[in-house]
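Structure first, then comments.
Each value in this text was obtained by applying a stated rule to the coordinates, not by laboratory testing. In this text, all values refer to a predicted model and were calculated from it rather than measured experimentally. Virtual Cβ from ideal backbone geometry, glycine too; neighbours counted across all protein chains shown.
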Amino acid sequence: MTEITAPKSPVTAEQFTEEIREQLKYTQNVTPEQATPADVYVAASKAVHNHLADSWFKTQADTVNGNTRAVGYLSAEFLMGKQLRNALLNAGLTDQFEAAVEALGFSVQDVVDAEYEPGLGNGGLGRLAACFIDSLASLGVPAFGYGIQYKYGIFKQAFDKDGKQVETPDYWLANEEPWGHIDYNRSQKVSFGGEVVEESGKKVWKPAWSVRAVPVDYLVPGYASGRVNTLRLWSAKSYDEFDLLAFNRSEYMEAVEPQVKAENISKILYPEDSTKVGKELRLEQQYFFVSASLHDAIRVFYPGQDKPDLTTFPDKIVFQLNDTHPVIGIPELMRILIDEYDYDWNTAWSITTKTFNYTCHTLLPEALEVWPASLIGELLPRHLEIIKKINEQFEAELKTKNVDAATIKDMAIYTGDSVRMAYLATYGGSHVNGVAELHSQLLKDVTLKNFSDVYPDKFTNVTNGVTPRRFIKLANPRLSDLITEGLGTDKWLSDLELLKGLEPLAADDEFVKKFAAVKQANKVDFSNYAKREYGFDIDPNTMINTMVKRLHEYKRQALKILALIARYADIKNGNMKADEVLPRTVVFGAKAAPGYYLAKMTIQLINNVARVVNNDPDVKGALHVYFPWNYNVRLAQHLIPATDLDEQISQAGKEASGTGNMKFALNGALTVGTLDGANVEIRERVGAENFFLFGMTVDEVDALYAEGYDPAKFYEADPRLKQAIDMVSNGTFSNGDRNAYAPLVADWLTKDWFMTLADFHAYTEIQGDIEALYRDPLEWNRKAILNVANSGYFSSDRSMEDYLERIWHTGPLA
Ligand code: RUG
């Protein structure tokens, strides 16, 4: 007897059909006959939204009145994915929705497809934030996600006829967006510029201009918790819509200038993730959402109070700084407490340090934001003063701890001409965490070593996780059903460690065959999806080998493409016969930051390798390469369940965690990877024999650097590598043009910062093991099951529990 605990609304399909009809009639103003799938999508979304409303109100009231402190997750990115299916699941209305849509004469697929995915994040960091707020709601922990409702999310990626990435703006709000509720009555004023003056012995900031931060609220329904939290994304509006005097002088452009300036703040998400941008607008964005959020939290927790007792603020809410982007919140809270509520410095500092914690998501020094002091001074003059004072206090404190002068200088938050946001966050918050064990260790040993020497207790680790609701239940319904059948319960969806119960089934051939059939059916689905959406002809009977992540040199898509070229050459040279090769379909998905030259060139190379390989009759059936453009959450949900082999092949010591690797393992893909980021922990849990490990370790990388790394030596020493690189430079993938990839080749041969060439041999060697195992479907699938069974740890519910215990010291509402 299978135990089903998934939420199930008592509403019948007929009632839900009626509710959709009502929405069509009164909000969409169409009859069911006139309605399009997009109308039905909006109507159904509003209907499910209504079902969640009471729980949302109750959660808000309990959050304010209860004695559990809430979590404020401050993040410049929330990569939510589509909302409808997730809301239906959590409201227990999936079956009713499907029946209703059919009763109204529509296809479920068309209606679901009408939802436009919001792209309010660049990649892993933003998607992690979305998983975390899902988990907090599912655990019943009161929480607010605070961010920005960008008008334009991450750019839409297309490829031109030469295979180059072309970016176009993603105006996701062009069509009706039923989820966000704009709440003009709870807006906040955020100010910039101007000067600081002394008035009656008090510093007074006289800003030059202000914008109105208007909250747009999204419901965050928990799974089986009865709780619905809030994601509050701020949208910038102008206070001076229109300058009528200028307009009357026929100065039409000037007339709208204030509006344009204000609204620019929430106009676009920066398409960067690990590279530095020195844009004034970005600092404006950061301050904009953080200032509005802090004021909002005071409004929520001290309603109607002019003189609230803010010494209790850290008991009401604890804020997590997601990377350095919201770190300006530290001087902002100090300013609010001192300037707006008259607290003295020490009291304000005590409140502030108890309020904030910082998560670092990188090991790349260039991704730790450093702002020119002059820019902060211009935009936020009072904050610069406060930062300088924090730095003075910090230096004095270091002296009392006998830190030497040179180290104090190295640790400066304010250097005289710049402000180091990661240092400010580390000093100004209670805890600092990395996002995987290796990453947290390297933060302590290298990136923030001085800080961890002085403040060892601040440092902790919380390994990332992903939500099983979206990434197993919604993405892979067949596997979900099989897991439920195997375990005899669906409780694993809120307690993912229960997957461990599948372990014995890896020895049961009948179960293994069922598991293999699920994967095969998912591959067929993906092949159909890829045909429909991209026109690709993917053979579902080949191994599906996927590498999806942002395009960055450290992630080493170049390693994958060079190995692929070498395989292609093996077949062309006759070293391997096409019919002896294990048929493989390689699928890439990646966006490159628009200004990242080598990353964009790598995209172009991948596309052109795909063009050549896919059109070469000599390799037909053996090797195919596809690069679906515009990788996003939707594509991930189709591709991950269909993948046999996933790649996380970054140079050891460079990927903070990775979360794709977790999604793949949970969906029964095997991983080929280096000892980097969360790979280390995945391998530990799923078992070394169920993970394809290759490449240098962090220590070996360091040793090779120290010895003086010369990539050309590796090129000369390995004929297959040499041939692959020569094919890139001799025009094989550029219609004979020998210059097309010259900068990329020159970089490989002379710099190769991330040692792609040094790891090439190990990477190509491991392919033999991979292919041998794949030829034995029972064994392959046994290992895949063991990956699923032992990856329960990588649930974002567990990550949240770790944050609650180690950092936030709070828990669910009663
Ligand atoms: O690159 C990291 C990933 O390793 C990690 O899994 C993810 C979530 O923790 O964050 C990514 N990240 C890092 N995105 N932006 C940064 C820049 O600090």
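For the reader, a short list of remarks on this structure follows.
- Cut-off 14 Å between beta-carbons: net charge of the residues surrounding VAL512, Lys and Arg +1, Asp and Glu -1: -2
- Dipole-positive endmost among THR546, ILE336, VAL141 within the chain (Cβ charges, Cα centre): ILE336
- Label-to-label distance for GLU716 and LYS751 is 2.3 nm, based on points extended 7 Å past Cα in the beta-carbon direction.
- Residues of region 554-585 with amide N under 19 Å of a point placed 7 Å along Cα→Cβ from LYS531: 584-585
- Options THR764, VAL454, PHE16, ranked by Cα towards positive dipole end of the chain, top entry (Cβ charges): PHE16
- Label sites at LYS202 and LYS279, each approximated as a point 7 angstrom past Cα along Cα to Cβ, lie 3.8 nm apart.
- Around VAL141: net Lys/Arg minus Asp/Glu count, Cβ-Cβ under 13 Å: -4
- For region 468-794, the square roots of the Cα gyration tensor eigenvalues, ordered a ≥ b ≥ c, give a/c of at least 1.5 with a/b greater than b/c, which places it in the prolate category.
- Two-site FRET efficiency, GLU3 against ASP776, from Cβ-Cβ distance with R₀ of 45 Å, rounded to 0.05: 0.85
- Each label was represented as a point 7 Å from its Cα along the Cα-to-Cβ direction; for LYS267 and ASP579 these points are 6.1 nm apart.
- The chain, dipole about Cα centre (Lys/Arg Cβ +1, Asp/Glu Cβ -1), debye to the nearest 20: 320 debye
- Under 5 Å, built H, 5+ apart or other chain: amide partners of MET543: ARG584, THR585
- Beta bridges by DSSP in region 468-794, antiparallel share as percent, to the nearest 5: 0 percent
- Looking at the chain, the DSSP beta bridges with both ends there are about 40 percent antiparallel.
- Between region 426-483 and region 567-612, the C-alpha centres lie 32 angstrom from each other.
- Efficiency of FRET between ASP495 and ASN541 - r from beta-carbon atoms, R0 35 angstrom, step 0.05: 0.45
- Whole-Hz couplings from phi, Karplus 6.51/-1.76/1.60, listed for region 287-300; x for Gly and Pro: 5, 4, 6, 6, 5, 4, 5, 5, 5, 5, 5, 5, 4, 5
- Integer Hz, Karplus 6.51/-1.76/1.60 couplings in order for region 429-441, x for Gly and Pro: x, 7, 9, 10, 10, x, 10, 7, 4, 4, 4, 5, 5
- Helical contribution to [θ] at 222 nm, DSSP H n ≥ 4, -39,500 (n - 2.57), averaged over the chain, rounded to 500: -13500 deg cm²/dmol
- 5 angstrom amide H check on LEU321, placed H, neighbours 5+ away: ASN357, TYR358, THR359
- Taking amide hydrogens as placed 1.01 Å from N in the peptide plane, the amide H of ILE182 sits under 5 Å from those of ASP217, each at least 5 positions away in sequence or on another chain.
- Computed from backbone phi, the HN-Hα couplings of region 698-704 come to 4, 5, 5, 4, 4, 5, 5 Hz, rounded to whole numbers (Karplus: 6.51 cos²θ - 1.76 cosθ + 1.60, θ = phi - 60°; Gly and Pro given as x).
- Rounded, prolate or oblate (a/c below 1.5 giving rounded, otherwise prolate when a/b exceeds b/c) for region 136-243 by Cα gyration tensor: oblate
- Between region 613-648 and region 164-193, the alpha-carbon center distance in angstrom: 33 Å
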